[in-house]
Each structure stands twice: as C-alpha cells, then as structure tokens.
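Read the structure below first, then the notes.
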There are 2 protein chains.
Amino acid sequence: MRKVQFFYDVVSPYSWLAFEVFSRFKTPWEIDFELCPFFLGGVMKETDNRAPSLLPARAPYMLKDLMRQSEYYQVPLQIPSDFLTNTITAMRLLTAVKENDPSKLESLSRALWQRHYGEGQEISSPESLLACAAKANILPNEAKNYLELTQDPAIKEKLKTTTAIAISKGAFGAPTFFIQTPDGEEMFFGSDRFHLVAAMLGKKWNGPKP
Amino acid sequence: MRKVQFFYDVVSPYSWLAFEVFSRFKTPWEIDFELCPFFLGGVMKETDNRAPSLLPARAPYMLKDLMRQSEYYQVPLQIPSDFLTNTITAMRLLTAVKENDPSKLESLSRALWQRHYGEGQEISSPESLLACAAKANILPNEAKNYLELTQDPAIKEKLKTTTAIAISKGAFGAPTFFIQTPDGEEMFFGSDRFHLVAAMLGKKWNGPKP
C-alpha cells in the first residue's frame, strides 16, 4: 500500500474532481488514502497566491474548463451563485469529524461538494451543514455536536495546523497531495496530473474511470 | 481539415510542449495548423496575469512539474539561467519570418526553444538568433534581413496586433489555441488538455506520441 495524503478544501471544484478520481482508484491503485481537510483561504493568503477565477481575463475560460472537466470526469458540476464562498465553518466541521469519526470524513466531504457544486447551494449555514451531515449518515445528535465543535479552540487550532503543515510541505493551492515513495514524498497539485501519478505508482491510466 | 490557431511565445516552456504535440499529431488529427507568434509579456501585462513561476511558493513545484512533463512528452527541457528572459526580439524575428517565408516558421520556433530550453542558452543576442535561423535552414543573408526587420515599425506593429487579437479572443497566457468547430471556435490554454482536444476532434489520445 502506498500512502497518499490529500489536502483539500470544499471551496475548490478541482479538488472535488481529484477526490472522486482517488475514490475510484484507491483500491485498484492500492493506495492508503488520507483525507486532510485544510483551509484554502489561509494557504492563498500565506503564499500570496490568488484563485485563477479572480483574474477577470481568466475567469470565463476557467468556468468553461470546469464544465469540460465535469463531463470528462463524470462529476456533475455547476457554479454556485456564491462561488468562492468562505468555507471556514465547513472545513472546521470536516476537521471535527476527522478527529472524532474519520470513517465519515469521505462521505461528508462528498455531501458538501455535492450540495455546493452539484446543486449550486450554499454550505455556510448550520441548516446546510446539518443537511450534509445527514446525507453522510451522521446521526442528528452527533452532527449537532460536530457543529458546536466548529467553535472549539482545539478544532480551530487543528485546522490551522493542518493548513500550516501543507504550506510547509510546499502547498500553494488545492488540491495538493503527497505520494509516499521509497525516496520520500512527491507533491502534486491539481486534478490534471493523474497520468503522471499512475506512472509514479506503476499503474495504468486510461481516463477517469477504472 | 480542422483549423487550429496556436498562439505562443518562445519564453513559455509549456508552449514548447504543446507545439511538439501538435507537430506530431497535426497529420493524424487532420489539422490545418497555424502558428501565431505573439508577445506573452504584453498578454500578461494587459490581462494583469503573472507567471506562476514568479510566485515564490509556487516556483519549486512548477520547475519539478516541468521536468516531469519533459519526461512525459519526451521533450528535453532544462531551465536556462536567464529564465523568463525578454523575448521581444525573438518574437519579432518569428513575426518577420511568418510574413516573408512562413514555411520556415515551425523550424525556427523549434530552433529557438531548442537553444533556450533544450540547451539552456540565451536567445536575445543577434548571434544566438542568427544561429537559430541557420539551424532552421534560413540562408545567412535572409536571416540578416529578418533580423533587421525586427526593428521595422510594420513588424513591431504586426506582433502587437497578433497579441491584441489573442487577448480579444480571450487569451491570458501561453500557449493559447483556438480550434475551429461547426459552432465557432473553442479556446484551450496550456499543454495538459490534449485528451479534451482529441475528444473534440473525434480522435484518440493515448499519450503524447501518435
């Protein structure tokens, strides 16, 4: 089993694409896949980076590219009206779930992307976050507890630490993932290097479905 | 035959990768391939974009990615010591050659990339530009004439116009190319969307060699 650490924020649609690819391939590629929720806003600020969609000349192409990628990866995407919303509470919620019930982390991440980029709805309000938790089969009283934990200093600090670790390892955007190799780890950025990932793992890549 | 207009600057290593892919595939993909030399510095300034390698947190990954791409595309790349040099004279030279002897445009473009990114040498001096012209089988007296034309107001203006056209069509970086379709034209940016290009052309993509 090869370890892969996947740093992501649900504000990032390209992270959703890469997440779904890893979900499909982690078994055939024999990957020990660790989801690492971090706060992309913090990464961008710390590294002085900016989202490509914030450049007016680039935004129209990026939206077109996302629609092309949606079709290619077979992940249904639309652009929510509050595109590039602040996801700090959602990412704290994922952090709380990772700390307390990591088995639900994948399904809750997917539920958040599905609601935001699949259905175009906001994912900031407590109602939305609880609806996503329910979809991820988290019991209502547990979900309420995780939502309260988003205000807990230890969870806030944990999200900051994960973000700082990613930056210290070279992250400047999302998704960023690290593949363990015999010589250390190799960093990748984005959702469009899976042909290189497959080659590094000694596996085949014939498109986004195994 | 499907028309493809390819806007590029020899300062861009990702443009070299895409250029070589099109050179390999233009016959099997039945493409009428038009090389459109433009000035990337002008595009970046006009669109307020900046090269990813100018972001300190991003530069190390970009250099690593270029080396990975070099291996994948089988195009030998190294980073010249004057990386992101000013290529205005080289691009005017290509413009003069396109105007006067378009049959030499592809070989001169390749010779410039080969010298700069293949061998790590500068491509600003008259000596370097003439050496590239010789490699592209341009006769010495013609090469000298084209080099003089880099100071000709009409050639300067032509390069500006090509750059302005690309920007008006949506370009914000390089390479940018436009594929003619029954419904108009489709823009692509970069060297990593060939699986989508192939799908749009109704052709197959199994990696960077036909």
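Derivation of every value follows stated rules applied to the coordinates shown; laboratory data play no part. Since this is a predicted model, take the numbers as computed values, not measurements. Ideal geometry is used to build each Cβ from the backbone, glycine not excepted, and the neighbour counts take in all protein chains shown.
May I ask which of B:64/B:156; B:104/B:156; A:64/B:26 have a Cα-Cα span longer than 28 Å here? Walk me through the intermediate numbers first.
Working: B:64/B:156 35 Å; B:104/B:156 19 Å; A:64/B:26 24 Å.
Over 28 Å apart, Cα to Cα: B:64/B:156.
Shielding by partners for peptide B:55-61, expressed as the average number of C-beta atoms from other protein chains within 10 Å of each residue's C-beta, is 6. Each principal axis of the stretch B:4-160 carries a Cα extent, and these read 44, 36, 29 Å when sorted largest first. The residue of chain A whose Cβ sits closest to the rotation axis that maps A onto B, together with that distance in whole Å, is A:192, 2. Put a plus charge on the Cβ of each Lys and Arg, a minus charge on the Cβ of each Asp and Glu, and nothing anywhere else: the dipole of chain B about its Cα centre is then about 400 debye.
Restricting attention to chain B, close to 60% of DSSP beta bridges with both partner residues there are antiparallel. Considering helices alone, the calculated mean residue ellipticity of chain A at 222 nm is -15000 deg cm²/dmol, with DSSP H runs of length four and up weighted by -39500 (n - 2.57) and normalised per residue. Rounded, prolate or oblate: which one fits the stretch B:8-67, using the alpha carbon gyration tensor with axes a ≥ b ≥ c (rounded when a/c is under 1.5, else prolate when a/b beats b/c, else oblate)? Oblate.
Remark: the protein assembly as shown projects, on average over all directions, an area of 20.8 nm² (convex hull of Cα atoms). Between identical copies, the spacing of residue B:127 label points, each set 7 Å from Cα toward the C-beta atom, reads 7.3 nm from nearest to farthest.
Computed over the Cα atoms of the stretch B:146-210, what is the ratio Rg over Rh, Rh following Kirkwood?
Working: Rg = 15.9 Å, Rh = 14.2 Å.
A ratio of 1.12.
On the beta carbon distance between residue B:48 and residue B:79, with R0 = 22 Å, the FRET formula returns roughly 0.30. Of the residues B:69, B:37, B:176, the one whose Cα sits farthest toward the positive end of the charge dipole of the stretch B:2-201, with +1 on the Cβ of Lys and Arg and -1 on the Cβ of Asp and Glu, is B:69.
Partner shielding of A:67-77 amounts to 1, given as the average count of beta-carbon atoms from other chains within 10 Å of each residue beta-carbon.
Semi-axes of the equivalent ellipsoid of the stretch A:129-180 are 28, 15, 8 Å, computed as sqrt(5λ) over the eigenvalues of the C-alpha gyration tensor in descending order.
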